[in-house]
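Down below is the structure, laid out as structure tokens.
Where a number appears in this text, it was derived from the coordinates with a stated rule and is not lab data. Note that the structure is a prediction, hence the values are computed from the model and not measured. Every residue, glycine among them, receives a Cβ derived from its backbone with ideal geometry; neighbour counts consider all protein chains shown.
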Amino acid sequence: MAIATFFFGALMVFFIIMWFWLLITVIGDLFSRDDIGGFAKVLWIIFLVFLPYLGVFAYLLTQSAGMAGRSRHAAVEARDSIRSFVGFSAADELEKLDRLKAGGSLTAEEHARLRAKVLAQ
């Protein structure tokens with residue numbers, strides 16, 4: 001009987017964690033949206049506070065496609081931002097030059113000139 005109680009408790013902990021994760025995801029998506037105004041956000045928050053389970057499931061059912069698109073867009077923006085800040089390493093650039101030379105897109109002189117330019121940076 002003790003093992004059944006343990007598994008039931010573990011299952012309940014899992015569902016509670018999953019519930020809070022869904023709630024935080026919905027609230028985060030709601031506040032990051034630019035396509036709806038403040039009044040609509042307030043209505044969703046009231047719905048989430050007074051009928052939390054129904055509110056979360058209603059939001060997920062009605063806004064899930066938009067959530068995926070916004071999440072994807074935010075990930076692409078973050079990746080592009082990091083790439084623009086960090087840039088590429090010299091090793092990456094040399095590897096690209098070697099591939100271009102092997103593919104016949106660069107002559108030996110162009111390869112040597114561009115390689116020297118990359119190494120000078």
(message) On a full-extension model of 0.36 nm per residue, what is the gain between Ala91 and Glu109, subtracting their alpha-carbon distance, rounded to one decimal in nm?
(response) 4.5 nm
(message) Output the 0 to 90 degree angle, nearest 10, between the alpha-carbon long axis of helix 108-120 and the longest principal axis computed from the alpha carbons of the chain.
(response) 60
(message) How far apart, in nanometres, would the label points at Phe57 and Trp19 be if each is projected 7 angstrom from Cα along the Cα-to-Cβ direction?
(response) 1.3
(request) Run down the aspartates and glutamates and flag those whose C-alpha is under 16 Å from the C-alpha of Lys117, throwing out any fewer than 8 positions away in its chain. (result) Asp92, Glu93, Glu95, Asp98, Glu109
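Once fully extended, how much extra length lies between Val76 and Ile36, figured as 0.36 nm per residue of separation less the alpha-carbon to alpha-carbon distance?
Length difference between fully extended and current span is 12.2 nm.
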(message) Just to be sure I follow: if Rg is taken over the C-alpha atoms of the chain and Rh is the Kirkwood radius over the same atoms, what is Rg/Rh?
(response) 1.32
(message) I need Ser81, Ser71 ordered by Cβ neighbour count within 10 Å, fewest first.
(response) Ser81, Ser71
